[in-house]
Amino acid sequence: MEDCIFCKIVKGEIPCFKVYEDDQVLAFMDINPISPGHTLIIPKNHAANLAEISDEDLAAVHRASKKVMVGIDKALKASGVACVQLNGRGVNQVVMHYHLHLIPKIPGGPDLPVSKWEIIPGDMDEIKTTAENISNALNNG
């Protein structure tokens, strides 16, 4: 994809702070980090989102995320790592190339905004209806 910044990073046209690379994926530091160690893992093949990525590339991204997370933990002594993946502009996906954020929680650092929210019990009838609607959509193509 010509205009995709992540595709340009994969091609070496734009520099990055590389953390990990193999034949299918590239992991590099986010230049707008939420916390120290905030890393992005992307497939080398362009896919805009979860609906478009191939099963093989998706599996490769998640295998790499496991390796990188271990490295983050060893290097930064993280007390946890949030794995965040956004799909679509409506949820603030900015770069339309599938990517997984690994965002470490550093001991003594602030709470991660992506992993802390108020738990409010939902309406069970509404939850049931929504589950049925999603299930039906999956079963009916």
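Every number here is computed from the coordinates shown, using simple stated rules; none is lab data. Predicted, not measured: the structure shown is a model, and the values here were computed from it. Here the Cβ positions follow ideal geometry from the backbone for every residue, glycine too, while neighbour counts run over all protein chains shown.
Scanning segment 92-105 for residues that are surrounded by fewer than 16 Cβ atoms within 10 Å (Cβ to Cβ) and more than 18 Å from I53 (Cα to Cα) gives a single hit, N92. In segment 30-50, which residues are closer than 19 Å to L86 by Cβ and loosely packed, with under 15 Cβ neighbours inside 10 Å? Result: I31, N32, P33, L50.
A59 passes every criterion in (1) of a type in the set (A, V, I, L, M); (2) under 17 Å from F6 (Cα atoms); (3) surrounded by 12 or more Cβ atoms within 10 Å (Cβ to Cβ) apart from (2).
Criterion applied to G122, G80, G109, G88 was being surrounded by 11 or more Cβ atoms within 10 Å (Cβ to Cβ), of a type in the set (G, A, S) and more than 19 Å from G37 (Cα to Cα), and the one residue passing it is G88.
Applying a threshold of 8 Å to beta carbon distances and a minimum spacing of six or more residues, or different chains, the list of pairs starting in segment 49-75 at a residue that is more than 16 Å from M96 (Cα to Cα) and ending at one that is in a helix (DSSP H, G or I) and of a type outside the set (F, W, Y) is empty.
Note on segment 1-22: residues that are touching a residue at least 24 places away in the same chain (Cβ under 8 Å) and surrounded by fewer than 20 Cβ atoms within 10 Å (Cβ to Cβ) total 6.
Among strands (runs of 3 or more DSSP E) entirely within segment 1-112, having at least 3 residues that are at negative phi and under 12 Å from the mean Cα position of the chain (by Cα) singles out 39-43, 80-84, 100-105. Whenever a residue of segment 31-42 is in contact (Cβ under 8 Å) with a residue 40 or more places away in the chain, its partners that are among the acidic types (D, E), lying with C-beta atoms within less than 6 angstrom and at least six residues away or across chains, give the pairs H38/D30; L40/D30.
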